[in-house]
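The values are calculated or read from the model by the stated rules, or taken from the named source; none is laboratory data. Bear in mind the structure is a predicted one, so any value in this text is a computation, not a measurement. So basically every Cβ, Gly included, is an ideal-geometry build from the backbone, and we count neighbours across all protein chains shown.
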Amino acid sequence: MLFVLIVIPASAQQRKLDKDLQTGLEQLVEGFKGTVGVYVYHVETNTEAGINIDTLFPTASVVKVPILAGLFKKIEAGEYQLHEPMVYDDDRVYGGSGLMQFYKDSTQTDLRTLAALMITYSDNVTSIWSQELAGGGTEINKFMEELGLEHTKVNSRTEGREDDWERYGWGQTTPREMAELVMMIRNREVVSPRASDEMYRMLTNSFYTDYALSQIPPYVQTAAKQGMVNQSRSEVVMVNAPGGDYVFYFTTKNNEDTSWDHDNEAWQLSRDVSAYLWNYFEPDYGWEPAQGAVELVKGLPY
């Protein structure tokens, strides 16, 4: 299989600023106790808006999208098969999010399960494993550069990026670049059309629906990945909306509120931004979250 070098298309540099959207976003994020980054692109109108769109932010687990792309590059090159047998051993136990850390030692699994758990449940064990299989951070970073995403990097377990790891954690990106990566996957431009389609399908199965996704009708398809550490919360979302697809990346750093409850300031802002975008692009759709939806998620009576 031949690989074609893909760069960000010229149209990405000819996008029109949506001034009303820009003003609305600026008003929404005003007063946030931390640093906010937002990038929004609406495909049908070729318009964009954003805040700190080319500023570096920690990715936290959103770095798993570049890892996924690197993994599929290896699959398409014939180094692995999607259903390649794998054996889990408990030397791979790693805390945080995910399910594979609870597997029994010597459990039979396969590569597709690794990739799916990494994206759907943000599984840390399968993410570290997938990063290894993709050739490591250095190789993934080179691939991102080939795609024109020069600021999107894997830092953890990557030689020469120890200082970046100290500052940004597992990975780093800009709001514009991470949105662009998902957009390129949607456009079948990453690795190959068939690989892009399979990656996109995985991204449409997010378990973490209580943040930005909670403000989008559940019967409208979304492709998303979330990332979160104490002082940073991030989410990339592509919405296959009736009036035209749009993609956005919401991210924060230096958060004053480092709590992990539902009402964390950054998480609430992500919902506000998502709701604003949905209603901005789909003003006549007439949908809003059901009464008691928040109480259901929080386990409270209503």
Quiz item: Considering only residues of region 1-23 that are in contact with a Leu (Cβ under 9 Å, 6 or more places away or on another chain) and buried (at least 16 other Cβ atoms within 10 Å of the Cβ), which is modelled with the lowest pLDDT?
Solution: Ile8
Quiz item: Within the set of pairs 6 or more residues apart or between chains, which connect a residue that is modelled with pLDDT of 95 or more inside region 159-172 to a residue that is of a type in the set (Phe, Trp, Tyr) with Cβ atoms less than 8 Å apart?
Solution: Tyr168/Phe57; Gln172/Phe57
Quiz item: All but one of (1) under 13 Å from Val247 (Cβ atoms); (2) in a strand (DSSP E or B) hold for Met228; which doesn't?
Solution: (1)
Quiz item: Hey, among the residues in region 162-211 that are small (Gly, Ala, Ser) and outside any loop (DSSP other than H, G, I, E, B), which one's surrounded by the most Cβ atoms within 10 Å (Cβ to Cβ)?
Solution: Gly171
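Okay, residues lined up against (1) under 24 Å from Thr23 (Cβ atoms); (2) touching a Lys or Arg at 6+ places or on another chain (Cβ under 9 Å):
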| site | (1), (2) |
| --- | --- |
| Arg194 | no, yes |
| Arg201 | no, no |
| Gln221 | no, no |
| Gly244 | yes, no |
| Asn264 | no, yes |
| Asp272 | yes, no |
Exercise. Take the residues in region 68-101 that are acidic (Asp, Glu) and assigned to a loop (DSSP other than H, G, I, E, B), then tell me which one is nearest to Gly135 (Cα to Cα).
Key: Glu79
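Among the residues of region 87-96, are any touching an Asp or Glu at 6+ places or on another chain (Cβ under 8 Å), of a type in the set (Ser, Thr, Tyr) and buried (at least 18 other Cβ atoms within 10 Å of the Cβ)? Please lay out each step first, then the result.
First pass over region 87-96, keeping only residues touching an Asp or Glu at 6+ places or on another chain (Cβ under 8 Å): 88-90.
This time we only want the ones that are of a type in the set (Ser, Thr, Tyr), so: 88.
From what is left, the residues that are buried (at least 18 other Cβ atoms within 10 Å of the Cβ) are 88.
Yes: one or more hits.
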Practice problem: Test each condition in (1) at pLDDT 95 or above; (2) under 21 Å from the mean Cα position of the chain (by Cα); (3) among the aliphatic types (A, V, I, L, M) for Leu99 and report the one that comes out false. | Solution: (1)
